[in-house]
Structure formats: structure tokens, C-alpha cells
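The structure appears right after this line, and notes come after that.
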Amino acid sequence: MKTLNDTLGILVMNKQLKKKLLSALIATVGVMPVFAYAQTHAGHAGHTSASSETSAQPKTSGMDHGSMDMSGMNHGAGKAPAQGHDPMKMPMKQPDSGKNSSAMPGMKHGQSGSSAPASDPNMGAMDDGGGEMDHGDMQMQGGSAPPDARDPDAYSDGYVRNAGKYALPPSDALIMSDMHNFGSVNVDRLEYVRARGEEWTAYEGEAWYGNTYNRAVIKAEGEVASGKLQESETQLLWRHAVSTFWDTELGFRFDHGQGAPNREWLAFGVKGLAPYWFEVDATAYVGPSGRTGLGLKAEYDILLTQRLYLQPSVEVNFYGKDDERWGIGSGLTDGTAGLRLKYEVTRQFVPYVGVEWSSKFGKTADYARAEGESKQKTRFVAGLSFRF
């Protein structure tokens, strides 16, 4: 029993000893970083003291660039933020008083926090002391042109706009195209016609003079056979633009025919370009004794190539009263459908060939049969369109 008690006592003692040793080991490990930090801090303190002693020497309060060759540096047009050297406390190289401090003329760096004055590197246009760059003496964009800039008038031989021997007189000088008057003649059809052994010449065209919005217009169409004017229709109109593609027309119409009295009409119509590129001309007429009439025309160009195209056309006429002397009955009197193949040699010169089908209706057809004429005809045409 005694032996057992002694053994238990030794074990208890060993456990207490182990606890003390473990506590001492933990305390040692915890204290070692503190000693290491203290040694490092002491080293930095010595370094700071040495830096302070170095910075306390005279003529080191600012950076002296006098001894540096910085001719290749470009100081740009922007603002350069100042960089203070106080927080870094870095030792700087002592300036060499024997070297010329004017290696960088035009730059001035201010003091970096020390009361000791820097050597006199006058750097004029740039001052880093306040953190900004002074561009007062720098030539910026918008100034005078360089001496080698191109002369814009070097190739004009001394001539200027609206002056000189090539300038138009004030009466002819163009300001805006719609402020000036122009003229044009457009002959749409000058053609040879053959039908049932008969032949004649037909013409249709117009001439105008004016500006973009208002023009005086003469329209003319007719037939000539055996050297005589068989019948003609001439209109004198005032054309006014009411939209981009449409004009109104107001004026007079004069009819002439062999063996028939002349007729006069008041004309009012519209002319222009309908959707899908249809050329449309519609005119209403009013004459003495209650005579009325309406003429409708339409054309369309079908391009086969850039120069060759087909031009179908349709024309119909209506009258409100019978006119036996002219062979006209009331209602739909006649209609013509044509197809012409045109080739543009130039925009101003267009030869063509084609065919037309004409027919008379109602009482007008009766008048034609009474005169020994056919109410329907097929006509072959060859002609020329031109303008100038």
C-alpha cells in the first residue's frame, strides 16, 4: 500500500512539473516577437536620426536640378501634381557648386519645406512649389500660324471670289437658283406617223421661262400633212409650284382646225409626278356657250438599260357638249394608248420608234364614220425628243 501511495505521489508531482514547463515554454514563445520588434524599432530610430542629421545640412531643403541635363524632358500642357519629399525623409545628394546651375533655364522648383533658401535655379515658366505648371510663356493652340504653314491663296493667282475678269456682273451673279429666271424648250414628240396608207407629221412640246416657283409656259401639239397644218392646240399658261412634285397651271387654250371654226378655252390644271413615277397632266377647260372639256395624260418610263427604255402612255378626252363642226360628241370622245422605245444618246437627244392605238367613242365615232373615217387606227411612229 505504501508503495502504491509513493507511486501516485510521484505521478502527481510529475504532472505538476509538466504543467510548469509547458507554461514557461508558452511565455517564452510569446515574448520573443516583442524582443524582435524592439530591436527593429531601435534600428529604424537610428536610421531616422541619421536622416534627420543629413537633412539638417544647408542647401538641401529642395531639389536642385541645376546640375541635371533634362533637355529631353517634355513638360506637356497638363498640370503635374507636386510631390513632397518630407514624408519620405530620403537623403539627397549634395549639389556640386562647380557645375553650372543654368542647364535647365525656364524652370523653377519651389522649396520643399525647409526654411533654407535654395540655390537660384530660376525656372520661370514652371513652378513645382505649388503643384501646378505655369504656361504663361508657352505658345498654345490657336496662336499664330507657323512660318512654314501653307498659304490658302497660294494657287489662286491673285483672284478672289466675286471679283476679277472671270466674275459675273451683279445682275447675273447667282445667289440662290430660285431667285433667278431661266428658260427651256422641250420637244417631247417630233415624229413621222403612218397609218392605213396615210402619213403625216405630229409634234408635241412646251417652252417655259421663269424660276423654280413661277413660270410662263407655252404648250403646243398638232398635225401637219401635205405641208399644211391640219389641226393644232396651243395653250398659254402660268405655272406655279404648289409642292415638291406638283404644279398648277392657269391660262388659255386656242384650237385651230381645217374646215372648222377656231375655239377658245379657259384652262386650269395640275401637272406633276405621281407616286411610283407616273408623269401626270390633267387639265379642265371652259369655253363660251357652256362648252366644257377635260384632258388626261399619263406616262411611265420602264428602264431596260441606263439609256434604253420603254415609255407607255395613255391619253383620254371628255367634252360636256356636242360640237358637230369639230366632230366632237359629249362624254368620252377619244382615247390613245402608245408604246415607244427610246434611246438616250444624251439627255438632250433621244430618238425613238413606237406604235399607237387610237379610238373614238360615242357620238364622236358616229361623226367619224359619217366623214368616211375609221373610228379605230393603229399608227406606227418614228421620231425624236430633244430639249435645250
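Going by the structure shown, is Leu190 touching a Leu at 6+ places or on another chain (Cβ under 8 Å) and either exposed (fewer than 14 other Cβ atoms within 10 Å of the Cβ) or of a type in the set (Asp, Glu) (or both)?
Numbers: touching a Leu at 6+ places or on another chain (Cβ under 8 Å): yes; either exposed (fewer than 14 other Cβ atoms within 10 Å of the Cβ) or of a type in the set (Asp, Glu) (or both): no.
It is false that Leu190 is touching a Leu at 6+ places or on another chain (Cβ under 8 Å) and either exposed (fewer than 14 other Cβ atoms within 10 Å of the Cβ) or of a type in the set (Asp, Glu) (or both).
Of everything in the range 185-223, what is of a type in the set (S, T, N, Q) and under 24 Å from Asp255 (Cα atoms)? Give them in sequence order.
So in the range 185-223, the residues of a type in the set (S, T, N, Q) come out as 186, 201, 211-212, 214.
Passing the criteria: Asn186, Thr201.
Given (1) open to solvent by 80 Å² or more (accessible area, probe 1.4 Å); (2) closer than 15 Å to Asp281 by Cα, where does Ala241 come up short, assuming only one miss?
Single failed check for Ala241: (1).
May I ask you to verify whether Lys228 is modelled with pLDDT under 95 and under 26 Å from Val193 (Cα atoms)?
It is true that Lys228 is modelled with pLDDT under 95 and under 26 Å from Val193 (Cα atoms).
Restricting attention to the range 323-344, which residues are closer than 18 Å to Glu231 by Cβ and in a loop (DSSP other than H, G, I, E, B)?
Gly327, Gly329, listed by residue number.
crowded, with 18+ Cβ neighbours inside 10 Å and touching a residue at least 60 places away in the same chain (Cβ under 8 Å), is that true of Ser374? Spell out how you get there, then give the answer.
On the way: crowded, with 18+ Cβ neighbours inside 10 Å: no; touching a residue at least 60 places away in the same chain (Cβ under 8 Å): yes.
No, not satisfied.
Report whether or not Ser171 is at pLDDT below 75 and hydroxyl-bearing (Ser, Thr, Tyr). Step through it out loud before you land on a result.
Values: at pLDDT below 75: yes; hydroxyl-bearing (Ser, Thr, Tyr): yes.
Against the criterion (at pLDDT below 75 and hydroxyl-bearing (Ser, Thr, Tyr)), Ser171 qualifies.
Any residue in the range 239-266 that is touching a residue at least 60 places away in the same chain (Cβ under 8 Å) sitting within a Cβ distance under 8 Å of a residue that is outside any strand (DSSP E or B) and loosely packed, with under 13 Cβ neighbours inside 10 Å? List the pairs, counting only those 6 or more apart or interchain.
Ala260/Arg325; Pro261/Arg325
Rundown of residues vs (1) closer than 20 Å to Pro351 by Cα; (2) in contact with a helix residue (DSSP H, G or I) (Cβ under 7 Å, 6 or more places away or on another chain), yes/no style:
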{"residue": "Ile175", "(1), (2)": "no, no"}
{"residue": "Asn181", "(1), (2)": "no, no"}
{"residue": "Arg189", "(1), (2)": "yes, no"}
{"residue": "Tyr192", "(1), (2)": "yes, no"}
{"residue": "Glu204", "(1), (2)": "yes, no"}
{"residue": "Asn211", "(1), (2)": "no, yes"}
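Among the residues of the range 356-364, are any surrounded by fewer than 15 Cβ atoms within 10 Å (Cβ to Cβ), under 16 Å from Glu191 (Cβ atoms) and within 46 Å of the chain's Cα centre (by Cα)?
No - not one qualifying residue is present in the range 356-364.
Among the residues of the range 303-338, count how many are of a type in the set (A, V, I, L, M, F, W, C) and open to solvent by less than 70 Å² (accessible area, probe 1.4 Å).
First pass over the range 303-338, keeping only residues of a type in the set (A, V, I, L, M, F, W, C): 303-304, 308, 310, 314, 316, 318, 326, 328, 332, 337.
With open to solvent by less than 70 Å² (accessible area, probe 1.4 Å) added as a condition, the list becomes 308, 310, 316, 326, 328, 332, 337.
Summing the residues that are of a type in the set (A, V, I, L, M, F, W, C) and open to solvent by less than 70 Å² (accessible area, probe 1.4 Å) in the range 303-338 gives 7.
Would you check which residues across the range 345-386 are modelled with pLDDT under 95, of a type outside the set (S, T, N, Q) and in a strand (DSSP E or B) and list them?
Within the range 345-386, Lys377 is the sole residue that qualifies.
If you scan the range 257-302, which residues turn out to be open to solvent by 80 Å² or more (accessible area, probe 1.4 Å), of a type in the set (S, T, N, Q) and at negative phi?
Within the range 257-302, Gln258 is the sole residue that qualifies.
Please list, ordered by first then second residue, the pairs with beta carbon atoms under 6 Å, 6 or more apart or interchain, first in the range 196-213 and farther than 24 Å from Leu384 by Cβ, second part of a strand (DSSP E or B).
Final answer for the pair search is Gly210/Ala216; Tyr213/Ala241.
The values are calculated or read from the model by the stated rules, or taken from the named source; none is laboratory data. Quick caveat, the model's predicted, so the values are computed rather than measured. Methodologically, a virtual Cβ is constructed for each residue, glycine included, from the backbone with ideal geometry; neighbour enumeration extends over all protein chains shown. Accessible surface areas use protein heavy atoms only, side chains included; no ligands, DNA or RNA. Shrake-Rupley method; radii C 1.70, N 1.55, O 1.52, S 1.80 Å.
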